Amino acid sequence: MSGVDRNRELTPSGLPRKISNPEIGDVLTIVEVAAETDGKRVVLEITLAPGGGNVMHIHLKQTETFHILDGELNVTVEGVTRRLKEGEEATVPPRTPHRFFSDSSEPVTFRVTILEPGGVEDGLRILYGLARDGKAPGGVPRNLLVAALCVQRSDLYSAALPLWFQRALVVPLSALGRALGQDRKFAGYLSRSADA
């Protein structure tokens, strides 16, 4: 790491480092934001509740490395699930279907290093904010225009549908969402008053 003090409460832009998502049962601390690494990476520390996790998904550009700090985490990559224990890690290259989840009765804490992060930090803040506000059941926004904008911003695509199909939908739906001002509704999730 670059020596960033993960105990600081705010990022250089004044946003809280800690956010939570009740839909997938985690608390996320942004250890390094892209601005602190010249855009090269984002580093997250996640404490996942027992039974928490996300759905199979892919990233077009991002490489993710999961490193377990405490507990056990299941990581599924291309249909193969590994149970990672403290000190172990798994790396997921771009365009690879994957997910993480816990089937333990104890919380797990792990670090995720994301290379080529793009807008992932803002995307996570928006998705977590929507989940806290009850607008993203199961972690997926209810509003299709909002979902398309989130996908585009965070480089997060479902592994359940063909990528070409999702991209064919995301581009026009995102443009429509921006034209109708849906993206302006995200401002509250990207401001200093956003919840931790």
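The values are calculated or read from the model by the stated rules, or taken from the named source; none is laboratory data. Predicted, not measured: the structure shown is a model, and the values here were computed from it. Here the Cβ positions follow ideal geometry from the backbone for every residue, glycine too, while neighbour counts run over all protein chains shown.
Worth pointing out:
- You will find that of Val42, Val4, the residue that is of a type outside the set (Gly, Ala, Ser) and at pLDDT below 95 is Val4 and no other.
- Subset of segment 93-146 (residues that are of a type in the set (Ser, Thr, Tyr) and surrounded by fewer than 19 Cβ atoms within 10 Å (Cβ to Cβ)): Thr96, Ser104, Ser105, Thr109
- Cys150 meets the conditions (1) surrounded by 16 or more Cβ atoms within 10 Å (Cβ to Cβ); (2) under 19 Å from Val75 (Cβ atoms) in every case but one. The failed one is (2).
- Scanning segment 27-57 for residues that are touching a Pro at 6+ places or on another chain (Cβ under 9 Å) and within 24 Å of Ala160 (Cβ to Cβ) yields a count of 5.
- From the list Val92, Val146, Val77, Val151, the lone residue that is out of contact with any Gly (no Cβ under 7 Å at 6 or more places or on another chain), hydrophobic (A, V, I, L, M, F, W, C) and not assigned by TED's automatic domain parsing to the domain that holds Thr29 is Val151.
- Yes/no for Ser104 being in a loop (DSSP other than H, G, I, E, B), of a type in the set (Ser, Thr, Tyr), free of Cβ contacts under 8 Å to residues at least 24 places away in the same chain and not assigned by TED's automatic domain parsing to the domain that holds Leu163: no
- Restricting Gly87, Gly53 to those that are in contact with a strand residue (DSSP E or B) (Cβ under 7 Å, 6 or more places away or on another chain), of a type in the set (Gly, Ala, Ser), surrounded by 18 or more Cβ atoms within 10 Å (Cβ to Cβ) and not assigned by TED's automatic domain parsing to the domain that holds Ser158 reduces the list to Gly53.
- For Leu173, the stated conditions hold: it is over 24 Å from Val43 (Cα atoms) and surrounded by 14 or more Cβ atoms within 10 Å (Cβ to Cβ).
- Cross-chain or 6+ apart pairs with Cβ under 6 Å, segment 140-166 first and closer than 18 Å to Asn54 by Cβ, then among the aromatic types (Phe, Trp, Tyr) and assigned to a loop (DSSP other than H, G, I, E, B): none
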